[in-house]
Every structure is written in structure tokens, then in C-alpha cells.
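Everything on this sheet refers to the single structure shown next.
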Amino acid sequence: MFAFSGFNGFGQFGHNRQRSGNAFTDICLKKLMTEQQSTSLIAVSWSYAAYATENKLVLRGFLSSKPNTTICVQTAEIITQLAACDRFCLVLCKNGKLFKIRPEIEAKLEEVKLEVEVHSFTQKRSIFGEPKSTVNKEECFIVTHIACGSNITAAVSATNAVYSVPSKIHQFAKHFRVRQLICGFEHALLLSANGDIYSWGNGLYEICFLSLKCSSLVHTYFLYLQISFIAAGGWHSAAISAFGDLYTWGFNSNGQLGLRLFKITAAGNIKQPTVFTLPQIVEIPECKCMQAKDSTMCDEITQNEDATGECLPVRVYAGARHTLLQMKCGALCTAGWNAHDQLGIGHKVDYCDEFRKIESFEGKVAEGSIVCGAWCTVIAKKS
């Protein structure tokens with residue numbers, strides 16, 4: 001079961017009203033999926049939403065310039081990942097093949113072919129000229145991670161090749177492991193299993209520590225910290241360190257970094273910078289679970305405390321101009337633009353330049369099942 005808050009002007013979430021009304025509203029999928037099927041994947045664009053379960057894909061919303069439109073497509077293999085932008089939806093299947101489908105009524109799945117450089121097949125040879133190992137060319141076309149934004153599409157193959165689809169832009173070593181791959185509107189972030197961040201794309205707002213457009217990866221030495229989770233918004237980025245600290249950087253036009261737009265001083269309010277070129281550590285309000293005295297919560301609180309007795313952030317997600325934070329106890333906090341009620345905080349404000357707890361969401365969040373669209377937030381509930 002999914003719940004959403006935010007823009008719904010094209011019926012992508014199955015409701016007639018354009019917004020969720022300052023609170024999270026359940027998404028009804030009974031007409032799309034059978035009783036035996038349960039939607040496990042969702043990807044959200046500005047104008048449509050993509051739902052997938054096993055080998056069934058559903059697009060709903062603004063298709064072929066018509067709102068409240070739905071199409072269903074069957075795939076030969078089980079769908080494992082989805083990524084959506086305004087122009088198309090990426091579909092990754094269990095066999096590692098990558099497809100895309102356009103938001104059109106008569107659309108069909110199109111296989112995405114990746115370019116592979118010839119020298120990627122070079123082999124080490126013995127002094128007698130015999131190859132030491134056999135290179136499986138098919139592995140170069142097996143995709144393991146996908147992400148896309150308005151103007152950027154990224155993928156990682158089983159051989160640790162990184163693509164700005166369809167072109168190969170970097171080759172990591174064999175032992176390298178990818179933990180996360182995400183895209184903003186114009187930039188991409190990659191998190192390794194070692195906690196290192198790599199970035200590429202348009203650095204107009206310093207979203208990837210660049211001052212100009214860069215087509216190759218740049219290793220971000222993130223204050224010598226190990227990073228456990230990352231997020232890429234429209235023109236801003238966020239990261240959580242292994243110590244539970246939240247860092248944000250980039251565009252802060254609507255407080256999406258969780259930083260005040262105006263600094264209060266004795267002389268009056270001083271406007272803060274709109275763009276933060278370096279990562280800023282963000283102060284998170286104390287989680288209410290640490291103040292709770294209800295005996296029914298004791299076990300859960302004890303389980304989610306760290307060594308210092310604090311409830312720390314564990315995951316972060318980002319939309320066009322808003323950011324959502326998931327605490328260790330399961331509580332959700334959010335900051336940023338709220339013109340379409342995408343924050344879901346329960347009352348109407350234009351923006352929020354500090355993190356506030358989401359009070360309108362009822363239930364527990366399924367692990368790793370939060371998606372921030374450009375103007376909305378979608379959360380999967382635990383059954």
C-alpha cells in the first residue's frame with residue numbers, strides 16, 4: 001500500500017483532486033493489480049507515475065497529452081528497478097536488460113543499448129601470448145543500477161562500468177561495489193560500498209562540487225567522512241554520514257537544505273546565501289521518540305537508539321525543491337518547498353526552511369520504500 005502527498009493534477013495517483021490536501025492520502029491500485037499481485041516498485045515523474053509488480057508495468061497520469069490515462073505493459077522478465085523522468089521511464093529487468101518506455105498511450109518497451117569501448121575487452125596474456133582469463137562480453141551489457149533526471153540518465157553495469165546512457169564515461173576496478181546511484185535534474189551521484197561519493201553532471205549550483213559541466217566522474221573527498229546514504233534533488237544534494245550527521249549543499253531557494261533563508265540578528269533579518277557551495281551540517285530537531293514515556297514504545301525506542309542514546313537520521317530523499325529525512329525510529333521529517341503540499345506536514349505553508357516532523361502520515365514505513373517526485377512524496381506502508 002502506498003500513500004502520497006503533493007501534486008496530482010493529472011490523476012497519476014488515482015484521485016480526482018489535484019492535491020492531497022496537506023496530508024498523506026492512500027493510493028488505490030485495486031483496478032490496476034489483481035488480488036494476487038502487490039505493487040512493490042514505484043517511480044514518479046512530474047506528470048505521471050509508474051507502478052510495477054513482477055512482470056507487469058503500469059503508467060498512469062499525463063500520457064499522450066491526456067490526463068487521467070492508464071496503460072499496462074507486460075515484460076518477459078521480472079522488473080527489479082524503475083526510474084522515471086518526463087520523457088521516459090527506465091525499466092530494469094532481472095536478467096540485467098534495460099528498457100525504456102515513453103509516456104504515450106501506444107507506447108511499447110524499447111531496449112536500451114549501451115556503448116562498450118573496444119579496449120574494455122583487453123585481456124592479460126602470459127609471456128607466451130596466451131590469455132590469462134576469458135572476458136565475457138555479455139557481462140558488459142548486464143545493468144545493475146539505474147537512475148534518471150530531466151536531463152541526465154545514468155547506469156552501472158555488472159563490470160562496474162558507469163554510463164551516461166548510452167555512453168560509457170568511467171570504468172571502476174573489479175573489486176569496486178556500488179551502493180547507490182541517483183540523479184537530480186542535471187547531476188548524478190554515486191555512493192560506493194566504502195562510503196565514497198562520486199559525482200558528474202551540471203555543477204551550476206555546486207550540486208556536485210563542480211563549477212562547470214563535467215561529463216566524467218569526480219571523486220568527492222567528503223570531509224574524510226564515510227557516507228552511508230545520499231540523495232539528489234532538483235538542484236541540491238544531501239548525504240548522511242556513518243555517524244548519523246546530515247549534510248546538504250547546493251540550491252536553497254525554498255529551504256530545501258534545512259537551512260534558514262534568513263538569519264536573525266540584533267540588527268534585523270539578514271538573507272542567507274541561496275547557494276551553498278560546500279556541504280553544510282544540518283541541525284536536526286530532537287526526535288520525539290526519545291521523549292516518549294509510553295510503555296508500548298519502549299522496546300522500539302531502545303532498539304533504535306545509538307550508543308549516545310540519540311535517535312539519528314538513517315535515510316534521506318529529495319524532490320525538486322524539498323527534502324525528506326527518515327529517522328532510525330521510523331519518524332519522518334521534511335523541509336523545503338510546499339506549494340503543492342508535497343511536505344505532507346498537515347498544514348498549509350509555502351515553504352519550510354527547517355526540518356519538521358510529518359504528523360499526517362499514519363502507519364510504519366516499509367524499508368527503502370520512499371520516493372520523492374519533483375512535486376510530491378510517495379511512501380510505501382508496511383503491511
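The values are calculated or read from the model by the stated rules, or taken from the named source; none is laboratory data. Remember, it's a predicted structure, so these values are computed and weren't measured experimentally. Ideal geometry is used to build each Cβ from the backbone, glycine not excepted, and the neighbour counts take in all protein chains shown.
List of remarks:
- Residue check: residue 14 meets all listed conditions (1) on the phi > 0 side of the Ramachandran plot; (2) at pLDDT below 80 but one, namely (2).
- Residues of region 69-77 include none that is among the aliphatic types (A, V, I, L, M) and either touching a Ser or Thr at 6+ places or on another chain (Cβ under 6 Å) or buried (at least 20 other Cβ atoms within 10 Å of the Cβ) (or both).
- Positions within region 148-169 being surrounded by fewer than 18 Cβ atoms within 10 Å (Cβ to Cβ), in contact with a Ser or Thr (Cβ under 6 Å, 6 or more places away or on another chain) and assigned to a strand (DSSP E or B), in sequence order: 169
- For region 177-189, a residue qualifies if it is out of contact with any Phe, Trp or Tyr (no Cβ under 6 Å at 6 or more places or on another chain) and either part of a strand (DSSP E or B) or buried (at least 16 other Cβ atoms within 10 Å of the Cβ) (or both), and the qualifying residues are 178, 179, 180, 181, 182, 183, 184, 185, 186, 187, 189.
- For residue 209: the one exception among (1) surrounded by fewer than 19 Cβ atoms within 10 Å (Cβ to Cβ); (2) aromatic (Phe, Trp, Tyr); (3) modelled with pLDDT under 90: (1)
- Among residues of region 146-170 that are touching a residue at least 60 places away in the same chain (Cβ under 8 Å) and within 17 Å of residue 203 (Cα to Cα), those with a beta-carbon under 7 Å from a residue that is β-branched (Val, Ile, Thr) and in a loop (DSSP other than H, G, I, E, B) at least six positions away or on a different chain give the pairs 153/165.
- Listed by first and then second residue, the pairs with beta-carbon distance under 9 Å, at least 6 apart or on different chains, first residue in region 44-63 and without any contact (Cβ under 8 Å) to a residue 12 or more places away in the chain, second in a strand (DSSP E or B) and surrounded by 24 or more Cβ atoms within 10 Å (Cβ to Cβ), form an empty list.
So that you can scan it fast, the table gives a plain yes or no per residue for (1) among the small types (Gly, Ala, Ser); (2) over 17 Å from residue 343 (Cβ atoms); (3) in contact (Cβ under 8 Å) with a residue 24 or more places away in the chain; (4) assigned to a loop (DSSP other than H, G, I, E, B):
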| position | (1), (2), (3), (4) |
| --- | --- |
| 238 | yes, no, yes, no |
| 247 | no, yes, yes, no |
| 250 | yes, yes, yes, no |
| 254 | no, no, yes, yes |
| 257 | no, no, yes, yes |
| 260 | no, no, yes, yes |
| 263 | no, yes, no, no |
| 269 | no, yes, no, no |
| 277 | no, yes, yes, no |
